[in-house]
Amino acid sequence: MTIYAFATQLLTQLLELVIALALAPLLSGWVAVCRARLQKRCPPPPLLPYHTLLKLFRKDVLLAHNASSLFRVAPYIIFSCMALASAIVPTLSTELLFAPAADAIALVGLFALARVFIALAGMDVGTAFGSLGARREMLIGFLAEPALLMVFFTASIISGSTSLATIVGTLAHHEFVIYPSLAFAGVAFTMVSLAENGRVPVDNPSTHLELTMIHEAMILEYSGRHLALIEWAASLKLFAYSCLGIALFFPFGVAESTGPGALAVAGVFLVGKLAFGGFVLALIETLNAKMRVFRTPEFLGTAFLLAVLAILVHLLLEGGR
Amino acid sequence: MSPLALILLCLASWLAIGLIGAFFSRQFVLVARILFPLGALVGISVALAALSAIFTGNETAMLPLGLPGLPFHLRLDALSAFFLFLLGAVAAGISIYAAGYFRRGQGSTPGLQCLLYHLFLASMGGVLLADDAYFFMVAWESMALSSYFLVTSDHRIAEIRRAGFLYLIVAHVGAIGILLSFGAMTGGTGDYTFDGIRTNAPEGWLASAALLLALGGFGAKAGLLPLHVWLPEAHPAAPSPVSAMMSGVMLKTAIYGLLRVTFDLLPEQQWWWGALLLGLGLATALFGVVFSTVQSDMKRLLAYSSIENIGLIFAGIGLSLVFAANSMPLLAALALTAALYHCLNHAFFKSLLFLATGSVLHATGQRNLGRLGGLIHRMPWVAWLALLGVVASAGLPPLNGFVSEWLLLQSFLFTPQLPHGYLNMLLPVAAGAIALIAALAGFAMVKFFGVVFLGQPREEHLAKAHDAGRMERLGLIWLATGCVLLGVLPNFVIAALDPVTQLLVGAGFAQVSASGNWLLLAPISEERASYSGAIFLGGLLAFTLALFLVVRTVFHGRLRRADAWDCGFPLLSGRTQDTAEGFGQPIRQVFAPFFRITREHPSPFDKEPHYRIVVEDPLWHWLYLPLAWLVDLGTRVVGKLQQGRIAIYLLYSFVTLLALLVFTTR
């Protein structure tokens, strides 16, 4: 690798990271706006998440008496995991510096690492809500993770690689045939992302005191900058998942060079697709009701089976190419 | 001095250390503070010698011990060297820890423990070096017996005696299987050296019979379904360093034995052997992990998790066999590398976790998760080191458990056109099963760490718990360092595994992966898949640190302590938080058919409401209890022969003599 290529890849990588950090709260705000509009409510300002983050950063941290050091370290680790995850996903360009360091499986591992830390942090203070949330989060985790991996496996069997850059490159370039397997995988991926991001059929992001809450139950004891980091990490996770969905199922427009023109075009495509994706998410959330916690195994089991079906369809109908 | 001679010397010094310990049985300071650390040094030398032997190639020797005309044949090749490295490296950590662990007046005398422990180590070394069936069985049996006595060192407790007895039975049923397997392999030639077996190894159904017998025998030692029942009983019964040794190293000797038989002694592999191993391995792994999530004894939880890991290793070996039988050496090497790498990883993180439970046990006297909690405040060293083990064991990046699971998934994913349509379809689904198992392992590990170390103490005396001593800490740090290094430097490990896979399946991919830089693990090619633990860890640490500095400089670092919020609930105590049983409840619900659950619900009118739940292994009731009943019945029938009167016994002899006369003179 020449110095020039290295420098441009590094720049693209940093650009992608900065865009993810900057745009993630906006995406959450946009989803909230769409949701309010669809439900005929008066929408909050789309920039509200930024205000909330700033407010939280400025506030003091109130720490429970028996919170341990792990409780204080966890928000930083979770945030780093999510930031790295959104840096790995090839949203703007497939020529990223860190792309070889982590493939699709490592990406799932990164999400799992963040999940383990947030669950442990939830158990740390020793409140009833905290451990309840932690156990439900791990329940959803072990149901969603295999389904997510199966979606990636479908894509990687099609493209002969688990490297995200290669997958996206292959899928963006194939002559326009419709892969039935990818349709199955896409539905499975949507279901998994709803569960993983604590969205409506599985969890309700706008709740703060409900016996059925999951994500909120774990972070109940957090305040100040810790809470800000966790909220920001949650919106980064949503951003990363949206970008993943875009990269896997609607990859056209991704830049495969690091030229500024290609990147700009890719950026415009990305913003458009994200806006549309956020609207679809709000639509799903509006059309569905939250289900009981013990219906989630069925929901995610369906997702897993759809992903398995995707692989089988690929091997049977598409000749395993 | 050649590596083989050095290793033999080391094994002899382990024996000598054990004997000195037995001789000065009452000298506690000598045994604990000098002999065990010496044993650790010996372990390090075994590891170093074995590491050099991996690359130097074969070496054989003959010891003039044993029976007349049956000397002990020894051989050090890459496969034995790899497992000897594992033995030495892990034993070093455990021995150092044990130096601080054994106390006066607990169980057997320290001198006896010292003798048995070092005999156990040396006999495991013997198993790995044996080059004839006779010495193999001698070493195998001394390993089983010494570990039996170690398990029952607290023999005054009836439960421990029962666990030890169960272990002894399963170990010996397994040993019979191995013995018969060797018998089938020699095919009546009477040549019990491994060289002899290799030259006139059987083919066809006899080879398959030998494999199945070996699978039963080694599977019983490794904890393969349905022979796993001794594991969750024996591991909690043993003192923690012994549990660590058994789980970390002894289970791997069974893996070694199976690899030796399938890939080395038997010349032709059948693809269905691989499919069988793969299926059994996956079933074992799923069973183990599901059960580990519902345990409420911390050592039983870890024991079930060991069953899970053994299942994953068997799945890897099975896949490798499928590839090898279809002459795809490179992919066979990939799957085998994943399995061997996982052996090494599991040895490190599981011993680390078992030793951590030992420290908790010493500090609190409790194994029951329902009586622990909040120990991170009192035992920060143990807690943070155990966290490393937990992350590794849950198969999360950037530690070592992830690397081997990643390699395993890769080998499942890139199944090219195998000539079996069904297998081609099923293998990606098997990859899905492995993903499920890994995710469930995460659940079990969060439960383990969260309930033991986090939250509020569930008992009052936990506030007086003390952290691990200096020696114990050193042992834990040694093993935790191993977990980190194996996670971030996979290419070195794979370079060391290359001679092993070359030996067994005739291919390795050290050259392929060494073409890039040393940071990047890319088993087939970089376009296909690549991962770098070092960059991952570095990136994560750097980002976390930078984030911390930025947040602290841009904003303030103000912090106030207050009561927990808990949605305004004021009566927070150790008993208002989740119990271990509560944490496992989702699993009990989702995987209900796996368990045999008996529940007692309180009625609303009870003065003292009682809730009881017992989760049992259904195999006990389906398989073991009927089996025990049958054996009981059989022995009772045979017992009728025993009348206790000498005249009747003489009659038996007379009848036998007559029968023989009739048969032979015909």
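The values are calculated or read from the model by the stated rules, or taken from the named source; none is laboratory data. What you are looking at is a predicted structure, and each value in this text was computed from that prediction instead of being measured. A quick note on method: Cβ atoms are made from the backbone with ideal geometry, for glycine too, and the neighbour counts reach across all protein chains shown. Note: areas computed on protein heavy atoms with side chains; ligands, DNA, RNA excluded. Shrake-Rupley method; radii C 1.70, N 1.55, O 1.52, S 1.80 Å.
The table below gives the values:
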item	result
Normalised per residue, the volume of the convex hull around the Cα set of the range B:623-664 (Å³)	78
Accessible area of B:R473 in the full protein assembly, 1.4 Å probe (Å², nearest 10)	70
Cβ neighbours within 10 Å from other chains - mean over A:218-231	2
Sequence-separation-based contact order of chain A, relative, with Cα cut under 8 Å and 6+ spacing, percent	30
Surface share of carbon and sulfur [accessible, 1.4 angstrom probe, percent] for the protein assembly as shown	68
Translational D in µm²/s for the range A:3-317 (Stokes-Einstein at 25 °C, 0.890 mPa s, Kirkwood Rh from C-alpha pairs)	123
Cα-based convex hull, the range B:1-91, per residue volume (Å³, whole number)	97
Solvent-accessible surface ranking, highest first, for A:H226, A:H65 at 1.4 angstrom	A:H65, A:H226
Residue of A:F153, A:F269, A:F79 that the Gaussian network model of chain A assigns the largest fluctuation, springs spanning Cα pairs under 10 Å	A:F269
Other-chain or far-sequence residues with amide H under 5 Å of B:D132's (modelled H)	B:H73, B:F194
Partners for A:K237 among lysines (Cα-Cα distance below 28 Å; same-chain residues under 8 apart left out)	A:K40, A:K55, A:K59, A:K273, A:K290, B:K447
Extension gain from B:L19 to B:Y624, taking 0.36 nm per residue of separation minus the Cα-Cα distance	213.9 nm
Heavy-atom accessible surface that B and A bury in contact, both chains counted, 1.4 Å, Å² to 100	6800
In range of the label at A:K40: residues from the range A:260-289 whose backbone nitrogen is under 16 Å from the point 7 Å along Cα→Cβ	A:286-287
FRET E, pair A:D60, A:S206, Förster distance 22 Å, beta-carbon r, rounded to 0.05	0.30
Cα-based convex hull volume of the protein assembly as shown per residue, rounded to whole Å³	200
Accessible area per residue in Å² at 1.4 Å probe, computed on the range B:586-666	85
B:E600 versus B:L67: modelled label distance in nm, points set 7 Å from Cα along the beta carbon direction	5.5
Spin-label model distance (nm) - B:F55 vs B:M1, 7 Å beyond Cα toward Cβ	2.1
Projected-area mean, chain B, by convex hull of Cα positions, square nanometres	38.5
Acute angle (nearest 10 degrees) that the helix A:128-159 long axis makes with the longest principal axis of chain A, alpha-carbon atoms	0
Highest-MSF residue in chain A out of A:S181, A:S131, A:S69 [GNM, Cα springs under 10 Å]	A:S69
Computed accessible area, B:S153, all protein chains, 1.4 angstrom probe, square angstrom	10
For a label point 7 Å along the Cα-to-beta-carbon line of B:E203, residues of the range B:249-273 with backbone N under 16 Å	B:266-271
Karplus 3J(HN,Hα) series, Hz, for the range A:75-91 with 6.51 cos²θ - 1.76 cosθ + 1.60 (x for Gly, Pro)	x, 5, 5, 4, 4, 4, 4, 5, 5, 4, 4, 6, 7, 6, 5, x, 8
Dipole moment magnitude, nearest 20 debye, the range B:348-468 about Cα centre, only Lys, Arg, Asp, Glu C-beta charged	260
Protein-protein interface of the range B:416-457, residues with accessible area decrease of at least 30 Å², isolated chain reference, 1.4 Å probe	B:M425, B:P428, B:V429, B:G432, B:A435, B:L436, B:A439, B:F443, B:V446, B:L454, B:G455, B:Q456
Where labels lie 7 Å past Cα in the beta-carbon direction, separation of B:H420 and B:A542 in nm	4.6
